[in-house]
Amino acid sequence: MRSDGERMIVGMKDAVKLVGISVIVYCAVLVCTLFLNYRMDLLTIADLLETEQEMIVYKAQKATSVIICLITGGCLLLTSVVTLCFYIKHYIDTHKKELGILKALGYGNWRIAGSFWVFGSSVLTGAGLGIVTAYVMMPALYRVQNKDALLPDLVVRYHPMLVLWMALLPTAFFSVLAIVYARIRLKVPPLRLLKEDSMPDGKARRAVAGKEQDHFLRELKRTTLWEKKILLFFMVFSSFCFSAMTQMSFSMRELASEMMGAMMMVIGLVLAVTTLFLAVTTVVRGNVKTIAMMRAFGYSQRECCQALLGVYRPAAYIGFALGTVYQYGLLRIMVDIVFRDMDGMPAYQFSVPRMLLSLVCFAVLYEILMYGYSEKMRRISIKEIMMGAE
Amino acid sequence: MIELQNITKTYGSGESRTQVLRGINLNIEEHDFVVILGASGSGKSTLLHVMSGLEKPDGGSICYDGRDITQLSDDQLTTFRKENVGFIFQQYYLLPNMTVEKNVKMGADLADNAAYAEMIEAVGLKEKRNKYPNQLSGGEQQRVSIARALAKKPNVLFLDEPTGALDEQTGRSALDYICRLYEAYGFTIVMVTHNQNIAEMAHRVVVMNSGQIAEIRTNEAVKSAYEIGW
């Protein structure tokens with residue numbers, strides 16, 4: 001039985017809020033399970049290959065599977081780790097008082113941090129769903145990969161090891177990571193947690209210190225942008241994902257298959273929207289009091305939005321540009337190195353119209369989301385904040 | 001200057017419906033110092049929020065020099081607050097990630113007040129202008145919020161229990177700063193409090209009870225916190 005004190009710490013309800021991590025893990029596990037399973041099944045036909053052409057296709061598909069797993073899995077694993085650490089830090093920041101009281105009452109750091117294991121359950125949810133979806137999609141992938149019948153027929157086999165590697169070990173890893181990271185963050189005196197407002201540390205203060213004569217709004221923009229660099233990362237990452245995955249999906253339709261193209265498109269959109277949503281929600285929630293005070297003093301809705309949301313716009317478009325360069329480089333490597341020996345491989349060239357189409361779609365999505373959040377900011381009740389009923 | 005007529009305000013619906021303001025009529029003259037006194041739940045804070053344009057009443061009118069602010073849109077109300085009012089709250093609401101100077105600039109920039117440093121000096125925080133709110137005591141934080149409110153050169157300063165979070169001596173000191181600045185700059189003060197002693201500092205004391213004005217008392221002159229022996 002959990003004591004009353006422990007019930008005050010992290011519960012399953014809090015873990016549910018980590019839907020962002022579940023989504024990212026879902027995408028990662030879906031892609032990795034699909035292609036690892038495919039690679040493992042490919043190995044079973046190695047002895048059946050007779051012609052040189054079959055051998056080239058076999059090697060190319062083996063290499064592609066590994067590259068896709070490494071790139072997608074690696075990127076998404078890194079993003080999941082960053083997101084988890086961000087969530088835990090955010091959780092501790094927003095529950096300082098409760099945690100401070102527990103520490104003041106005598107609860108140890110490890111005892112409190114131990115309850116953070118539940119954040120690992122979001123990984124299990126995403127991974128479980130990812131594996132199920134992967135096995136549902138697998139027959140279609142196998143058909144598409146061998147549509148020209150260049151290889152002997154492949155049968156989908158179930159590999160239990162993948163469940164261990166794709167779901168159980170990541171869940172254990174993320175649970176331990178959550179506990180260890182929470183323990184590190186909790187290593188502060190109880191009184192510091194009990195103090196309501198956090199003071200930026202020396203390093204952050206130096207980074208955001210502006211000129212004395214700077215206008216307040218300019219100073220606020222600078223503080224918003226640099227004080228939480230992780231949000232800046234999420235903004236850039238979101239547009240990076242959108243740009244890279246949508247443009248790559250267009251190319252994949254020609255280079256690989258329609259299915260791979262559609263899969264990349266969906267993953268790109270889901271990742272972009274999830275990370276953008278996560279970042280903007282945090283910006284707005286973290287600045288509720290600032291927005292309320294600015295509006296009470298007479299700053300307009302437009303000024304509040306420009307200072308707190310508009311400041312990320314350049315970063316988002318830089319992320320888009322980086323994503324464009326990344327997908328071009330990656331596809332060039334794939335076509336020039338991995339598939340160089342394959343006959344009938346279509347030529348890859350950078351497409352400006354597709355890039356522009358992707359940019360327009362991103363701009364529309366981004367601006368709609370920003371508009372939605374500016375309306376949300378408009379609805380922040382000044383009185384509720386003043387009465388302390390956040 | 002400020003004329004309230006038959007102001008009503010209700011919160012909630014159904015069984016939890018509570019009428020917080022029941023037909024308030026009140027006139028406040030320019031450069032007046034008015035204290036709204038009342039027990040918790042008497043409607044004094046709601047009256048201050050409605051009067052300052054932070055929220056709209058359900059009925060009645062609030063005229064500033066003949067202009068009814070209950071008829072203004074949200075954007076117009078924002079402009080109205082920008083041009084006319086300043087706030088000091090019990091919980092200060094300073095921006096934790098900005099220095100004293102930047103917090104005061106938040107108010108000063110709205111009025112293009114380049115001489116905001118004077119205000120920091122006036123509340124005795126010149127030496128601490130580069131400190132962050134968490135590096136200041138409660139009294140110092142409240143002085144920053146005083147400087148921030150006055151740096152925007154308001155016509156009316158609204159104070160919601162400004163000493164509520166301070167000990168007696170620090171509260172007295174904060175009020176003394178407000179009184180001195182009131183004499184120097186000549187704005188209008190509307191202050192909400194439940195402290196009888198502080199009420200003696202004002203020209204007029206509006207006593208509220210159950211959402212209605214129970215009594216309006218007039219004092220001969222404004223006294224400092226030290227003069228009233230608080």
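Going through region A:44-99 one residue at a time, which ones are among the acidic types (Asp, Glu), more than 30 Å from A:Tyr181 (Cβ to Cβ) and in a helix (DSSP H, G or I)?
A:Asp47, A:Glu52, A:Glu54
How many residues are among the aromatic types (Phe, Trp, Tyr) and at the interface with chain A (Cβ under 8 Å from one of its Cβ atoms) if we restrict to region B:81-138?
Number of matching residues: 4.
Scan region B:38-45 and give yes if some residue there is surrounded by 18 or more Cβ atoms within 10 Å (Cβ to Cβ), in contact with a strand residue (DSSP E or B) (Cβ under 9 Å, 6 or more places away or on another chain) and in a helix (DSSP H, G or I), otherwise no.
Checked against the condition, which is being surrounded by 18 or more Cβ atoms within 10 Å (Cβ to Cβ), in contact with a strand residue (DSSP E or B) (Cβ under 9 Å, 6 or more places away or on another chain) and in a helix (DSSP H, G or I), region B:38-45 yields at least one hit.
Let me confirm something: among A:Arg285, A:Arg295, A:Arg302, which residue is more than 14 Å from chain B (Cβ to nearest Cβ) and among the charged types (D, E, K, R)?
Criteria check complete, one pass: A:Arg285.
Does at least one position in region B:58-70 carry a residue that is at pLDDT 90 or above, small (Gly, Ala, Ser), buried (at least 24 other Cβ atoms within 10 Å of the Cβ) and farther than 30 Å from A:Leu194 by Cα?
no
Would you mind listing the helices (runs of 4 or more DSSP H) fully within region A:105-190 where at least 1 residues are free of Cβ contacts under 8 Å to residues at least 60 places away in the same chain, crowded, with 16+ Cβ neighbours inside 10 Å and touching a Phe, Trp or Tyr at 6+ places or on another chain (Cβ under 8 Å)?
Where helices (runs of 4 or more DSSP H) fall fully within region A:105-190 and carry at least 1 residues being free of Cβ contacts under 8 Å to residues at least 60 places away in the same chain, crowded, with 16+ Cβ neighbours inside 10 Å and touching a Phe, Trp or Tyr at 6+ places or on another chain (Cβ under 8 Å), they are A:169-185.
Are there any pairs, at least 6 apart or on different chains, whose C-beta atoms fall under 8 Å, with the first in region B:196-210 and part of a loop (DSSP other than H, G, I, E, B) and surrounded by 23 or more Cβ atoms within 10 Å (Cβ to Cβ) and the second modelled with pLDDT under 85 and charged (D, E, K, R), and if so, which?
B:Met201/B:Lys223
I'm told B:Cys63 meets every condition in (1) under 21 Å from B:Ala151 (Cα atoms); (2) away from chain A (no Cβ under 13 Å); (3) among the hydrophobic types (A, V, I, L, M, F, W, C) except one. Can you identify the failing condition by its number?
Tallying (1) under 21 Å from B:Ala151 (Cα atoms); (2) away from chain A (no Cβ under 13 Å); (3) among the hydrophobic types (A, V, I, L, M, F, W, C), B:Cys63 fails exactly one: (1).
Could you please give the count of residues in region B:1-40 that are free of Cβ contacts under 8 Å to residues at least 40 places away in the same chain and among the small types (Gly, Ala, Ser)?
Summing the residues that are free of Cβ contacts under 8 Å to residues at least 40 places away in the same chain and among the small types (Gly, Ala, Ser) in region B:1-40 gives 4.
B:Leu159: at pLDDT 90 or above and either at positive phi or facing chain A (nearest Cβ under 8 Å) (or both), yes or no?
No, not satisfied.
Quick check on A:Tyr371: is it part of a helix (DSSP H, G or I), without any contact (Cβ under 8 Å) to a residue 60 or more places away in the chain and not hydrophobic (A, V, I, L, M, F, W, C)?
yes
Suppose the filter is small (Gly, Ala, Ser) and in contact (Cβ under 8 Å) with a residue 24 or more places away in the chain; does A:Gly323 pass it?
yes
Find the residue count for region B:74-91, including only residues that are within 21 Å of B:Ser173 (Cβ to Cβ), crowded, with 23+ Cβ neighbours inside 10 Å and not hydrophobic (A, V, I, L, M, F, W, C).
1
Could you list all residues from region B:142-155 that are surrounded by fewer than 24 Cβ atoms within 10 Å (Cβ to Cβ) and of a type outside the set (Lys, Arg)?
B:Asn155, the sole residue that qualifies.
The values are calculated or read from the model by the stated rules, or taken from the named source; none is laboratory data. Only a predicted model underlies this, so the values are computations on that prediction, with no experimental measurement involved. When we count neighbours, we look across all protein chains shown, and the Cβ atoms used for this are built from the backbone with ideal geometry, even at glycine.
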